[in-house]
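Have a look at the structure below, then the notes.
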Amino acid sequence: MIPAWVNGTLKPVEKLAAHLDGLCHKAVSVFVVHDGQTLIQQRAAGKYHTPGLWANTCCTHPHWDEDPRTCAVRRLEQELGLVGVDPIWRDRIEYRADVGGGMIEHEVVDLFVATPETRPALALNPDEVQATRWLSLAALETEVTATPEDFTPWLKIYLAQHKGSVFGPA
């Protein structure tokens, strides 16, 4: 169950139902940036939407009444085995995007950025992530422009409309 707005009231809703009905719901996104490079992940092939596409470091939906930062820390560990980083809240963003298969992501996202002093060790959860890469902002933008079909809609939205929240001053 994820927190979604139904008739103006926040209620717990099944995740798949929220996406099929295009309900506005809470989400968390994290970018891990180290030494001018951003960690991106390729979503696992078994994901029910946008499988195999490249996304930001980590994104998910908080549990009912879960603090967004707690959620960010939890999912960094669950998806990437990434521990010991300090995600800092940067912005709250709302977007709506078609993610295929008759599903819509309509999210109110708490956006976090973590900037560890050393490149962190990763232990990928294969149910969530099939690969990762570190890219400079320029390289990421070049790839998104050249092959937009390889990237999730939300990553393209973040780069086009909210780049300052991620890559700007803290």
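A few comments on the model shown:
- Ranking Trp134, Trp89, Trp5 from most to least accessible surface, computed with a 1.4 Å probe over the protein chains only, gives Trp89, Trp5, Trp134.
- Percent of beta bridges antiparallel (DSSP, the chain, rounded to nearest 5): 75 percent
- Full-extension gain in nm, Leu20 to Ala123, via 0.36 nm per residue minus C-alpha separation: 34.0 nm
- Per-residue ³J(HN,Hα) for region 115-122, Karplus 6.51 cos²θ - 1.76 cosθ + 1.60, θ = phi - 60°, Hz, x for Gly and Pro: 10, x, 6, 10, 5, x, 6, 10
- Accessible area expressed per residue, the chain, with surrounding protein chains retained (probe 1.4 Å, Å²): 47 Å²
- Long-range amide H partners of Thr132 with built H, under 5 Å: Gln42
- Here Thr115 sits with roughly 100 square angstrom of accessible surface, probe radius 1.4 Å.
- Share of carbon and sulfur in the accessible heavy-atom surface of region 79-170 [1.4 Å probe, %]: 52 percent
- Summing +1 for each Lys or Arg and -1 for each Asp or Glu among the other residues whose beta-carbon sits under 12 angstrom from that of Arg96 gives -4.
- Between the amide H of Val6 and those of Lys11, distances stay under 5 Å, these residues lying 5 or more places away or on another chain, with hydrogens modeled in the peptide plane.
- GNM result for the chain, Cα springs below 10 Å: residue of Val109, Val32, Val144 fluctuating most strongly: Val144
- Distant-in-sequence amide H partners of Phe151 (H built 1.01 Å from N, under 5 Å): Trp54
- Which of Arg133, Arg92 is most accessible, then next, and so on - probe 1.4 Å: Arg92, Arg133
- Hz values of 3J(HN,Hα) by residue in region 56-69 - Karplus curve (6.51, -1.76, 1.60), Gly and Pro given as x: 5, 3, 7, 8, 6, 10, x, 5, 4, 6, 7, 4, x, 5
- With DNA, RNA and ligands ignored, accessible area of Asp127 (1.4 Å probe; Å², nearest 10): 110 Å²
- Extension gain from Thr145 to Glu77, taking 0.36 nm per residue of separation minus the Cα-Cα distance: 21.5 nm
- The chain - mean residue ellipticity at 222 nm from DSSP helices (-39,500 (n - 2.57) per run, n ≥ 4, rounded to 500): -7000 deg cm²/dmol
The values are calculated or read from the model by the stated rules, or taken from the named source; none is laboratory data. Note that the coordinates shown come from a computational prediction; the quantities given were computed from them, not determined experimentally. Cβ sites come from the backbone with ideal geometry, for glycine too, and all protein chains shown count toward neighbours. Heavy atoms of the whole protein, side chains included, go into the accessibility calculation; ligands, DNA and RNA do not. Shrake-Rupley method; radii C 1.70, N 1.55, O 1.52, S 1.80 Å.
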